[in-house]
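What follows is a short report on a single structure.
Rule-based calculations on the coordinates, nothing more; no lab input. This structure is a prediction, so every number in the text was calculated from the model and none was measured. Cβ atoms come from the backbone with ideal geometry, glycine included; neighbour counts cover every protein chain shown.
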Amino acid sequence: MATTVAAPPFAGTKRKYESGLWSWLATTDHKRIGQLYLYTALTWFLVGGLEAAIIRTQLYGPNGRVVSAETYNQLFTMHGLSMIFLAIMPLSAAFFNFLIPLQIGARDVAFPRLNAFSYWVFLFGSLVLNASWLFHAAPNGGWFGYAPLSTPQFSPGLNMDFYVVGLQILGVSTLAAGFNFVTTVINMRAPGMHFMRMPVFTWAAFVTQFLIILSFPIITVAITFLLFDRFFGTNFYEISAGADPLLWQHLFWLFGHPEVYILVLPAFGLVSEVLPTFSRKPLFGYPVMVYSLILIAFLGFGVWAHHMFAVGMGPVADSIFGITTMLIAIPTGVKIFNWLGTMWGGSLRFTTACMFAIGLVGLFTIGGISGVMHSSPPSDLQQTDSYFIVAHFHYVLFGGSMMGLFAGIYYYFPKMTGRLMSETLGKWHFWLTFIGMNLTFFPMHFAGLDGMPRRIWSYDNNQGWNLDNHLSTIGAYILVVATAIFVVNLLRSRKSGQRAGNDPWGAPTIEWSIPSPPPEYNFARIPTVTSRYPMWDAKAPHLTSGVPHSKEGEKEITVSMAGKPTGHISTPSDVEMNAEDVHPSAESLGIHMPTPTIKPMVAAFALTIPFIGLMWHKSLPVILLGAVFFAVTLYAWLLTPVEPEH
Amino acid sequence: MASAAVADAHAEHHYTSTGLSSTKIAIWAFIGSECFFFASLISTYLIYKGRSVVGPFPHEAWTNPATGQHFKAILNIPVTSASTFVLLMSSLAMVLAHSAVVRGDRKYSKIWLAMTALLGATFLGFQAYEFTSFVHEGLTIKTNLFGSSFFILTGFHGAHVTAGVLWLMTLLFIDMKRGLGPRDAINVDICALYWHFVDVVWIAIFTLVYLIQ
Amino acid sequence: MTGYHRARRLLLAALTPVFVLGLAACSDVPNTIFGAHSEFGHEIDSLTYRLLILGGLVFVLVEGLLIFVLIKFRARPGNPEPKQTHGNTTLEVTWTLIPAVILAFIAVPTIKTIFKTQAPAPANALQVEVIGHQWWWEFRYPQYQVVTANELYLPVGRTINFHLKTNDVIHSFWIPQLGGKRDLVSNRTNYLWFTPDSSYAWNGFCAEYCGASHSNMRFKVFTVSPQQFEAYIAHQKTGPAFAAAGAPVPGADTSKKGAASPAGQVAAAAPTTPAPAAEGADGIWPRDRVPKWLIPETPTPAGLTISTVNGDPARGAQLFKTGACIGCHTIQGVSPGVIGPNLTHVGSRYTIAGGLYPNDMKHLALWIKDAPAMKPGSIMPAMGKGLPHAMGAYDDQQIADIAAYLSSLK
């Protein structure tokens, strides 16, 4: 093992590959792609939040007239689409990209260029979807776009065309990433990184990828039918031809319910990383946590029709789906208890990351309880499509997914940028989010139980809903302030945050053994892993107990590590370090990294052209040119070796 | 996405956990995904079977009550049996092509790759014939639920065969240009996996759509 | 307030202080799902209470445990390194089993209730066809050949079997105070049955997003005594009142004058003219018993005005019969249209436009003048002269005449 000195300054050592716009367009580095995902998704999170703020303003009082009914319908549809497909999923993807290779001890994902392609397709797809605003024709059929409302007869115009085309493009991105990460986790693990030694985030990500590759084809089919109905006159959802509108609902929710777990499992994974670190204890019941993830995913495919208890499926189907839905509460409950078990007996440090993680445990529980209330079909008949449901899924998606993702951002920001986020602003962010979130969504339970249907543009006075809505809107404004603080914190900390060092938190997993930000090749030598918590095994646990968030702490760890035989884990060799360059270059270490290339980006761009042609009056020349362009770029990409010849 | 995996395996010369090529794992993941894709298409076809309000129908004749126009049962099982046989034979050719590449037999690798592509193209020819004759008999994608679900299901299968033929021709082109040797076996192997999968899907379609009335 | 309602308040109030804020919001909750007024609603209620109580227990347990852990195990200076536990099989099995047992307590009554509430309706049930339209409700009583719209009369104590259908997209039929909702699915007929147990007026809503005016697709339900229901049906079967009486009923903008109105004035407004003797005989819900939250307060669009609301019903009848109205609307003995609501007894309704506006001269006239402005996406075209995309070209006086005619259709 290398001897080391105090961590040298990482900033100011610009290298060719690290600078310039070109390097970002051509990057195949999973860490940079992860950051592209992160910042793009956060941008859409702000857009989706703005949409939500307008919605809440409209609903502040009875008979609001801030926006027209048509605009309102576009806003709530786009709010749902933005938050699900353009914010939470890609935020999770940011962590998949950034973390999976680091956590399993790999140099990159299995297919780095495919990874770049996924990101660019996501970016172009999200731009296409939002371009609809420019035409004043944003999708207006609700995020689950029920047929026959989405068919040309009832939705002429471009609105639902954008929905179909946007989701189709985004699906390509998600599926490509899914195949990539499945392969990465199966095949790129470092020696000794057995499945049951994998960090729980990687497990959650791995399970999520299976949900993606098995559920996205189903929505692809549902949307393909709608696409053909809208553009080529097929009859899949055409009522006069005898179509059954429940076909769409079954296909959609067969995708849609696994989708819920696609949104929340990565957040569960992040929390399972954060809580042990700040409790100073290993995750309680690791195997059970892993099995419950798998069980949730498995059951997740058998509960879709609980979104359809009001459609009249008959008592047998209602009973079956009610029971399977209740069953899924068991592994979910186990996770909550195991997190509590992790904290029990620990020594909790309330960093911002830890507070958000605890926030997930507390708030997701509320969403889980209301979820069990919907699992009982007769009870659900009074709740579905009311504001009670809106409250429920915001507790799951905001209280669950977003809280977990915020925890992940505060926790991994230092690894991404080498700098810590401000804890002061972070705590403001947390408390305002926590208060604002509850103030926004808790009263919605009451509005729903008091009979307020969801997706209504305005409501009448004297219905008993005024105060609930006042409170919700005030809560939403608090969330706006909280998010503004977060953005300031993020931007400021990127530039001038405190230096983090390798391991600012005293964390147990191997991504903390390498510099922050990591060199392009991640690990100078691929580590050999012998336990679930190599960093804690490597250092005597008592040394990490008092780690402050400062450079001093960093020195302490580094020195200690050098002084002790680290035994199980390899740290990057620092022998070749010199004053000019902090990390030895890949070449000097004899590591072959993929050649940067813009071909994936060009291919992604080409892929969107036929779809645009389709919307642009089904222009055949545009469609064909786009298809040929795509084929050419695909060949150009695939026939070029991924690495320089060696 | 399958084709994207071909030359993109970063891990090709590196250590892998399973010892398998990453492209091979990726193609299996892709095939798993495709199973759900085709399962959804086939289920839709089956759900909509018998729900069409107007003909023509797959297995029974129909007379339009408004115009008195008569339509035969649409599906032509003898012709499709022949095309099914052709596609099955292409799988055999694919096996032989792969084995030729593995043992470094330049001559037979080219012959069998070409044969696989040719049989695939023949299947597509059958499908083109089938589609045109259906349209002439009065069944289009817009006619009824049967038309929509039939053309989309078999059309997407045909698109998969087309992609496979292009893939095979690319391999053939590389073979002719620089020769495919044992070190390329993995690339032929994943193409073969894809090709066999597309075949198996056709067997399911042929059974469920054509044979079962 | 019912006992149920109090129990729910007590229970939830114990759960979280936020509920205190919620309580204030619930001080007047005409559409609450609690304390429902049918056996179907009671079944659902009892399940929901069970779920709330069990859910409340889990909530208190988990959040209490969480808060305890956060306080007890926070890092303090000089803390020893925590004991490195990896799990505890007994504990983990326990907290797998406990939720399973709790769920069993939910699952059993759930299944029972499903089969009970989804059993076939009793044979002697009153059949009511509910047909959803973008964005209004059509109600048919096939046993009596009566067709009406947006206001539904049901007898107390008799089971009503609803046949739920839609004319276009998917809607959902929901009267929170009478039980759970059921979707109206294209190309399908759904069923829902319940027996109202008390006489009152209720709000109903479309609960499934159905396009531009989803929020404006409301309806009203009156549960009346069997005798009153018979009277209602008998009256509905007769032709329009105008044709029968042959006498014009002068309309007036009562919302300004607070004077007698043909329809639509709330009891609180204390009509000075006594109700016609016929009231009660026609089975219509008495005006003085209309709760205030039943009458919409929707503001009319800015800039849309009508210069007069004093119309001549006889002239209006003539305009109706010779105009475009007949293409879409049925008035028994007058016109056969089926695209819009049946207007045979429109004057006896309390609301118009899918429960969006009160049924008075001003709103009726504005509605006829420019329906799309009054209700986004309305399929009924504007009829006022000079309006964009207007289908008719009526001046304000003519519109007032038509409104007066319609108001007279008791």
Worksheet item: In whole angstrom, how far apart do the alpha carbon centroids of the stretch A:217-254 and the stretch C:163-192 sit?
Response: 21 Å
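Kindly put A:LYS495, B:LYS142, C:LYS369, A:LYS335 in sequence by how many other C-beta atoms sit within 10 Å of each C-beta, fewest to most. Walk me through the numbers before you get to the answer.
Numbers: A:LYS495 8, B:LYS142 16, C:LYS369 27, A:LYS335 22.
Arranged by neighbour count, lowest to highest, A:LYS495, B:LYS142, C:LYS369, A:LYS335 become A:LYS495, B:LYS142, A:LYS335, C:LYS369.
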Item to complete: Please give the contour-minus-distance gain from B:ARG183 to B:ALA128: 0.36 nm per residue of separation, less the Cα-Cα distance, rounded to one decimal in nm.
Response: 16.1 nm
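What is the fewest-to-most order of A:LEU227, C:LEU70, B:LEU87 by other Cβ atoms lying within 10 Å of their Cβ? Before the final figure, lay out the partial values.
Numbers: A:LEU227 21, C:LEU70 17, B:LEU87 24.
Lowest count first: C:LEU70, A:LEU227, B:LEU87.
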Worksheet item: Which value does Rg/Rh take for the stretch A:409-536 over its C-alpha atoms, Rh per Kirkwood?
Response: 1.22
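In chain A, how does Rg compare with the Kirkwood Rh, expressed as the Rg/Rh ratio over alpha carbon atoms? Walk me through the intermediate numbers first.
Values: Rg = 24.8 Å, Rh = 25.6 Å.
Ratio of gyration radius to Kirkwood radius: 0.97.
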Worksheet item: What's the percent breakdown of Cα-Cα distances in the protein assembly as shown across 10 Å bins, shortest bin first?
Response: 2, 9, 16, 20, 19, 15, 10, 6, 3, 1, 0
Worksheet item: If you take every DSSP beta bridge whose two residues both sit in the protein assembly as shown, what share of them, in percent to the nearest 5, is antiparallel?
Response: 70 percent
Worksheet item: Which pairs in the list A:LYS618/B:LYS177; B:LYS142/C:LYS220; B:LYS142/C:LYS385; A:LYS31/A:LYS427; A:LYS31/C:LYS72 are over 30 Å apart, alpha-carbon to alpha-carbon?
Response: A:LYS618/B:LYS177; B:LYS142/C:LYS220; B:LYS142/C:LYS385; A:LYS31/C:LYS72
Worksheet entry | Where labels lie 7 Å past Cα in the beta-carbon direction, separation of B:LEU211 and C:LEU61 in nm | 5.4 nm
Worksheet item: Using 7 Å Cα-to-Cβ label points, what is the B:ALA159/C:HIS86 separation (nm, one decimal)?
Response: 5.0 nm
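To one decimal place, what Kirkwood hydrodynamic radius in Å is obtained for the stretch A:174-321 from all pairs of distinct Cα atoms? Write down the numbers at each step before the final one.
On the way: mean 1/r = 0.0571 Å⁻¹.
About 17.5 Å for the stretch A:174-321.
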Worksheet item: To the nearest 0.05, how large is the calculated FRET efficiency for C:ALA234 and A:THR57 if R₀ is 56 Å and r is the Cβ-Cβ distance?
Response: 0.65
Worksheet item: Under the rule of -39500 (n - 2.57) per DSSP H run of 4 or more residues, summed and divided by the residues of chain A, what mean residue ellipticity at 222 nm is obtained, to the nearest 500 deg cm²/dmol?
Response: -21000 deg cm²/dmol
Worksheet item: In percent, how large is the relative contact order of chain A, given Cα pairs closer than 8 Å and 6 or more residues apart?
Response: 19 percent
Practice prompt. List the GluC sites (Glu not before Pro) within the stretch C:81-190 that fall in a DSSP loop (any state other than H, G, I, E or B) and whose Cβ has at most 10 other Cβ atoms within 10 Å.
Written response: none
Worksheet item: What would the Debye formula give as log10 I(q)/I(0) at q = 0.22, 0.28 Å⁻¹ for the alpha-carbon point model of the stretch B:148-213, no solvent?
Response: -0.90, -1.19
Worksheet item: For the stretch B:89-213, max minus min Cα coordinate along each principal axis, in Å, sorted largest first?
Response: 51, 25, 17
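Using helices alone, I'd like the mean residue ellipticity at 222 nm for chain B: each DSSP H run of four-plus residues gives -39500 (n - 2.57), total over residue count, nearest 500. Show your work: numbers first, answer last.
Details: 6 runs with 144 residues, N = 213.
Helix contribution divided over all residues of chain B: -24000 deg cm²/dmol.
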Response to the item:
So the FRET efficiency between A:THR595 and C:TYR144, C-beta based with R0 = 56 Å and rounded to 0.05, is 0.10
Worksheet item: Sorted from fewest to most neighbouring beta carbons within 10 Å, what does the list A:HIS194, C:HIS214 look like?
Response: A:HIS194, C:HIS214
Item to complete: At q = 0.09, 0.10, 0.22 Å⁻¹, what is the base-10 log of I(q)/I(0) for the stretch A:319-464 according to the Debye formula with one equal point scatterer per Cα and no solvent? Please give it to two decimals.
Response: -0.36, -0.44, -1.30
Worksheet, complete the sentence: Plugging the Cβ-Cβ distance of C:LYS112 and B:THR63 into 1/(1 + (r/R0)^6) at R0 = 35 Å yields, to the nearest 0.05, a FRET efficiency of 0.10
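If contacts are Cα pairs under 8 angstrom and at least 6 residues apart, what is the relative contact order of the stretch C:22-166 in percent? Working shown, then result.
Numbers: 92 pairs, mean separation 24.7, N = 145.
Once normalised by length, the contact order is 17 percent.
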Worksheet, complete the sentence: Note on the stretch C:19-109: alpha-carbon gyration tensor, axes a ≥ b ≥ c; rule is a/c under 1.5 for rounded, else prolate if a/b larger than b/c, else oblate; result oblate
Response to the item:
Residue span A:LEU491 to A:HIS194: 0.36 nm per residue of separation minus Cα-Cα distance leaves a gain in nm of 103.2 nm
Worksheet item: How large is the charge dipole for chain B, taken about the Cα centre, if only the Cβ atoms of Lys, Arg (+1) and Asp, Glu (-1) carry charge, to the nearest 20 debye?
Response: 200 debye
Response to the item:
Among B:PHE146, B:MET176, B:VAL135, the residue whose Cα sits farthest towards the positive end of the charge dipole of the stretch B:111-213, when +1 is placed on the Cβ of each Lys and Arg and -1 on the Cβ of each Asp and Glu, is B:MET176
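So how much slack lies between C:LYS72 and C:TYR191, counting 0.36 nm per residue of separation and subtracting their Cα-Cα distance, in nm? Please list the in-between numbers first.
Details: separation 119, 0.36 × 119 = 42.84 nm, distance 5.48 nm.
Gain on stretching C:LYS72 to C:TYR191: 37.4 nm.
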Item to complete: Determine, for each peptide in C:281-291, C:156-166, A:369-379, the mean count of other beta carbons within 10 angstrom over its residues, then list the peptides with the highest first.
Response: A:369-379, C:156-166, C:281-291
